[in-house]
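A short write-up of the structure that comes next.
The values are calculated or read from the model by the stated rules, or taken from the named source; none is laboratory data. Only a predicted model underlies this, so the values are computations on that prediction, with no experimental measurement involved. All Cβ positions, even for glycine, are placed from backbone atoms using ideal geometry, and neighbour counts span all protein chains on display.
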């Protein structure tokens with residue numbers, strides 16, 4: 001059964017003068033999705049997110065969130081959304097706790113100190129609750145950005161590059177937090193990121209946009225498993241293996257050959273055929289790895 | 001929700017160091033004037049009234065708390081606009097500079113309410129500043145110099161009896177709030193136009209200087225329109241110290257200043273409501 005759509009964007013367009021930042025964009029995010037929103041710089045990701053949060057008004061098109069039009073139900077919708085938009089900017093002259101208290105209040109809640117501390121603890125900033133934000137590093141501000149997005153317990157969380165500026169430990173923690181938000185609290189997460197392996201690791205659905213329009217949308221799994229993969233065979237005799245594969249015409253192309261590795265382009269279905277063929281011809285195979293990455297996919301899609 | 005946002009805006013104002021510059025400046029400036037008048041006041045007053053003393057007979061001393069408070073009020077036109085613009089000019093531009101429009105405008109509060117709350121917070125700050133000035137200048141001066149008759153020389157000489165003064169000061173301070181509220185409104189409007197905090201302060205002061213110069217000119221068309229310039233009415237608080245208070249002139253000044261304030265606010269509101277937040 002199809003899950004309820006949380007975000008529905010139809011024919012969305014934004015013009016800045018003669019420049020078309022977003023043109024005819026359609027996408028649907030369902031309840032419980034971790035939805036990857038990908039695209040190269042200038043593709044229109046931030047403009048779309050800003051339109052989703054009513055920071056900028058669309059030139060044309062429709063945005064519905066929670067089944068209601070954003071144009072006519074702005075406040076009701078924003079009450080149920082938590083968001084980070086680009087850089088994590090805060091009132092630098094206030095403490096982390098004061099910032100969260102003010103932002104919670106603006107969301108219509110009388111935020112208790114306990115809740116603020118809980119949110120700060122979630123992002124590892126509890127011990128800095130009373131420090132002014134001007135003393136925070138970029139990474140700490142980014143964590144505080146996530147805390148402010150969660151403080152009012154929103155159903156939909158929009159995260160624009162949430163791991164920017166974080167160290168590897170921080171990236172891992174935020175990734176785990178996002179997964180926890182989905183699994184434990186059934187939150188819907190709209191995640192824009194340039195860190196493609198991250199989207200690959202946590203998103204279940206994604207869209208790739210370029211020049212303001214969606215190029216491809218679907219399940220991350222399906223999209224990554226369609227088309228050609230880069231497959232590496234670890235074999236005892238690379239020269240002979242190459243010759244055999246060449247004769248069999250199983251591989252589309254060879255990408256490289258080293259002393260023990262043979263790298264080639266293969267469809268997913270052909271991996272088993274190649275393996276059997278080599279084994280039948282007495283080639284010892286130590287290992288097979290396919291290296292189809294989202295990055296490669298992303299580049300091939302956006303370049304084409 | 002409006003009161004919630006207003007309390008947040010006031011808390012933000014009083015969490016910033018720059019908001020205390022105005023209070024600090026007044027706290028320093030007023031006692032300096034008082035100390036100077038305490039030590040040199042008699043000599044200064046004699047020198048100032050030298051010509052008059054040849055024609056009139058002066059009994060007692062006119063150097064009293066009311067006169068000092070009156071002198072301090074004159075600084076309204078010179079110093080206080082800058083102090084007011086320092087805060088009012090930062091109300092919206094500060095959010096743009098800090099990138100915090102994104103935090104504010106992604107909350108379930110309409111932009112109308114946010115702008116109105118910010119504007120009211122700037123006006124409340126202005127009221128606080130004038131109130132502090134009145135407490136210091138009037139309260140402290142009366143303590144130091146005691147009360148007495150108020151001797152004012154402008155186009156004519158006015159001597160106000162001691163029991164006829166306090167209420168005039170009350171209305172003069174109220175009018176001072178209106179004057180400085182207008183300056184705050186103009187700074188607030190400029191604050192909506194630009195994305196840095198210095199711009200609105202510089203623009204407000206530039207407008208005051210230019211309009212003041214234009215107001216001083218008597219040439220042709222300027223003569224006909226200069227009554228509409230707000231700078232012409234900023235010192236209308238002085239009208240409350242005339243023997244017979246010219247109500248019609250006070251009302252005109254109130255309309256002009258009120259009109260400038262309202263138009264400035266509406267322009268700021270329109271700009272922010274229509275603004276695409278790209279910062």
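Go through (1) within 13 Å of another protein chain (Cβ to nearest Cβ); (2) surrounded by fewer than 22 Cβ atoms within 10 Å (Cβ to Cβ); (3) more than 30 Å from residue A:112 (Cα to Cα); (4) touching a strand residue (DSSP E or B) at 6+ places or on another chain (Cβ under 9 Å) and name the single condition residue A:95 misses.
Only one criterion is unmet by residue A:95, namely (3).
Need the failing condition index for residue A:266 against (1) buried (at least 17 other Cβ atoms within 10 Å of the Cβ); (2) under 23 Å from residue A:145 (Cβ atoms); (3) modelled with pLDDT under 80, just the number.
So the condition that residue A:266 fails would be (2).
Could you say which residue among B:160, B:178, B:166 is touching a strand residue (DSSP E or B) at 6+ places or on another chain (Cβ under 6 Å) and either surrounded by 12 or more Cβ atoms within 10 Å (Cβ to Cβ) or within 24 Å of residue B:268 (Cβ to Cβ) (or both)?
So the residue among B:160, B:178, B:166 that is touching a strand residue (DSSP E or B) at 6+ places or on another chain (Cβ under 6 Å) and either surrounded by 12 or more Cβ atoms within 10 Å (Cβ to Cβ) or within 24 Å of residue B:268 (Cβ to Cβ) (or both) is B:160.
Quick check on region B:26-48: of everything there that is in contact with a helix residue (DSSP H, G or I) (Cβ under 6 Å, 6 or more places away or on another chain) and under 17 Å from residue B:81 (Cα atoms), which residue is surrounded by the fewest Cβ atoms within 10 Å (Cβ to Cβ)?
Once the filter is applied, the top-ranked residue is B:26.
Restricting attention to helices (runs of 4 or more DSSP H) lying wholly within region A:199-285, give those where 1 or more residues are under 30 Å from residue A:162 (Cα atoms) and within 34 Å of the chain's Cα centre (by Cα).
A:220-224
If a residue has to be in a helix (DSSP H, G or I) and within 23 Å of the chain's Cα centre (by Cα) to count, how many in region B:136-176 make the cut?
Residues that pass the stated criteria total 18.
Provide a single number: the residues in region A:73-92 that are out of contact with any helix residue (DSSP H, G or I) (no Cβ under 9 Å at 6 or more places or on another chain), facing another protein chain (nearest Cβ under 9 Å) and surrounded by fewer than 20 Cβ atoms within 10 Å (Cβ to Cβ).
Total meeting the criteria: 5.
What number of residues within region A:167-198 are within 8 Å of the chain's Cα centre (by Cα) and modelled with pLDDT under 85?
Residues meeting the conditions: 5.
Failed condition for residue B:226, given (1) surrounded by fewer than 18 Cβ atoms within 10 Å (Cβ to Cβ); (2) in a loop (DSSP other than H, G, I, E, B), with all others met?
The number of the failed condition is (2).
When region A:99-123 is examined, which residues are found to be crowded, with 17+ Cβ neighbours inside 10 Å, more than 7 Å from chain B (Cβ to nearest Cβ) and either out of contact with any helix residue (DSSP H, G or I) (no Cβ under 8 Å at 6 or more places or on another chain) or in contact (Cβ under 8 Å) with a residue 40 or more places away in the chain (or both)?
The answer is A:99, A:100, A:104, A:111, A:122, A:123.
Here are some residues: B:126, B:158. Which one is closer than 30 Å to residue B:8 by Cα and in contact with a helix residue (DSSP H, G or I) (Cβ under 7 Å, 6 or more places away or on another chain)?
B:126
State whether one or more residues within region B:214-221 are under 30 Å from residue B:149 (Cβ atoms) and modelled with pLDDT under 85.
Scanning region B:214-221, I find no residue that is under 30 Å from residue B:149 (Cβ atoms) and modelled with pLDDT under 85, so the answer is no.
Cβ-Cβ below 6 Å, separation at least six or inter-chain, first residue in region A:168-197 and closer than 26 Å to residue A:217 by Cβ, second surrounded by fewer than 17 Cβ atoms within 10 Å (Cβ to Cβ) and at pLDDT below 85: which pairs?
Correct list of pairs: A:196/A:295.
Would you check if residue B:128 is part of a helix (DSSP H, G or I), at pLDDT below 90, more than 14 Å from chain A (Cβ to nearest Cβ) and over 23 Å from residue A:83 (Cα atoms)?
no
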